[in-house]
1. Based on the alpha-carbon gyration tensor of the stretch 20-76 and its eigenvalue square roots a ≥ b ≥ c, which shape applies: rounded if a/c is under 1.5, prolate if not and a/b is larger than b/c, or oblate?
2. So I have [x] 1.14; [y] 1.23; [z] 1.00, and one of them is Cα Rg over 2.2 N^0.38 Å calculated from this model. Which one is it?
3. Return the single residue from Lys366, Lys246, Lys33 with maximal mean-square fluctuation; model: Gaussian network over the chain, springs between Cα atoms under 10 Å.
4. Report, in debye and to the nearest 20, how large the dipole of the stretch 315-362 comes out about its Cα centre when Lys and Arg carry +1 and Asp and Glu carry -1 on their Cβ.
5. Work out the charge dipole of the chain with +1 on the Cβ of Lys and Arg and -1 on the Cβ of Asp and Glu about the Cα centre, then indicate which of Ile231, Leu118, Thr68 is farthest towards its positive end.
6. Just to verify a number: FRET efficiency for Glu314 and Lys11, C-beta to C-beta distance, R0 = 22 Å, to 0.05?
7. Within a Cβ distance under 15 Å of Arg371, other residues only, what is the Lys/Arg minus Asp/Glu net charge?
8. What list of ³J(HN,Hα) values in whole Hz, one per residue of the stretch 307-324 in order, does the Karplus curve 6.51 cos²θ - 1.76 cosθ + 1.60 (θ = phi - 60°) give from phi, with Gly and Pro shown as x?
Amino acid sequence: MDEAEKIEKAKLPGMLAVKYHPYYQGKIEVVSKVPVRSLDDFAIWYTPGVAEPCKEIAKNTNLVFEYTNRGNTVAVVSDCSRVLGLGNIGAEAGLPVMEGKCLIFKYLGGVDAVPIVLRTQDAEKIIEVVKILEPSFGGINLEDIEKPKCFYILERLRKEMNIPVWHDDQQGTAAVEAAALINALKLTGRKIGQVKIALIGAGAASLSIARVIFKAGVNPKNLIAVDSKGILHPGRTDLKDTDPYKWEICLTTNGEGRVGGIPEALKGADVCLAASRSGPGVIKKEWIRGMADDPIVFACANPVPEIWPWEAKEAGAKIVATGRSDFPNQVNNSLGFPGIFRGALDVRATTITDEMCLAAAYELAKVAEERGLKEDRILPTMDDWEVFPREGVAVALKAIEQGVARIKPTREELMEKAFSMIKRARSQVEVLMKRGYIKPIPEN
């Protein structure tokens, strides 16, 4: 397959998406959990019978998790100010992404998720809306919110709410990227405390990746970060008052004191972790050639990676990963958030800590290692559905250990529930497809 054919193949998912989205008119819907044998059953599920559960919850609000679906429901909230690699495209245009997120939550994690796109990009209004929604949800997944606003919103909500709030572009990306890095280092015989890393991009995802991999053992002085204006270093005083998150990276990383841009950051690096702007051409083949022997290249911009994976391979990369499912080594949040929220919800956690994310990363890496690491398989795929209950259990146990869990099931109870919930969700789709209630994809 020549390069033109590879590029055409890479464009195919987008072409099919434009065709199929109007055919199905959305990707999710509400399905009942309870039997309706006759209309008489509504006297139980609604009035007058429902008044009795209401009175019980009024006496003890914690019973809401027993009497309703709140404990398995997550809101996917976005102001759509930074959607994929498309930028600030507006609430309506971002809704297909949020619906897709909810589909993955359900199919891979057994979690019921509701897309909520907001016609405001004011941080204080977003915080107010999410706080008002708290009684209806067991968790909040913030999505596609631009930086630095996303950091502020996440910090405030984590402090001011009693359910897990996380920003998947930060914590979710960091968890999966950490797992992929752990296994790529194993395959190339490198030690995490000695590896030299070029972090290309300094957005929400990249800064969270840095924070989590530091906790995993990466030496901050061995990391060089690059934003749109160049390498971060203490001389970048333009960031001191405008972006405290980047400024902290300026002060704590880049032990060699390098200046310049992407090529200078990549020179001699063992690893390239890129989560910047959509490519191709953001990273050039000659820059990969200037890295250390057998380099690791993660080019995870969406919808198009910073460098095509075959170009990175041609330039000498030993292991290449992207954020796309149509190339080997997909490093994508979809491997993280369904299992992580499964675990957080199953212990009614009050937050999701970085340590819980790292627990998920270690479990992801472990599953891939058990199945045999290869240069083109450093992570499980979404087809390896058993990884999600295992990930959920690891997260839940870490929440219990850290004291942020409201309930404390055993490992066996957690595994049984996670397997049951996820298997049920997948089986529902299978049954609906077989019975024709989900229409088959039309032939081309």
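1. Details: a/c = 3.83, a/b = 1.53, b/c = 2.51.
Taking the square roots of the gyration eigenvalues as a ≥ b ≥ c, the stretch 20-76 is oblate.
2. Entry [z].
3. So, out of Lys366, Lys246, Lys33, the one fluctuating most is Lys33.
4. Numbers: 4 positive and 4 negative charges, 23 e Å.
Charge dipole, the stretch 315-362, about its Cα centre: 120 debye, nearest 20.
5. After comparing all options, I get Thr68.
6. Values: r = 21 Å, r/R0 = 0.93.
Once rounded, the FRET efficiency stands at 0.60.
7. Numbers: positive: Lys186, Lys366, Lys374, Arg377, Arg390; negative: Glu363, Glu369, Glu370, Glu375, Asp376, Asp383, Asp384, Glu386, Glu391.
Counting the neighbours of Arg371, the net charge comes to -4.
8. Going residue by residue, I get 9, 4, x, 5, 5, 4, 5, 4, 7, x, 5, 7, 10, 10, 10, 9, x, 9 Hz, with x marking Gly and Pro.
Any read-out appearing in this document is the output of simple, stated calculations on the displayed coordinates, not a laboratory observation. Bear in mind that the values here come from a model prediction, so they are computed numbers and not experimental data. Note that we place each Cβ from the backbone using ideal geometry, even for glycine, and neighbour counts take in every protein chain shown.
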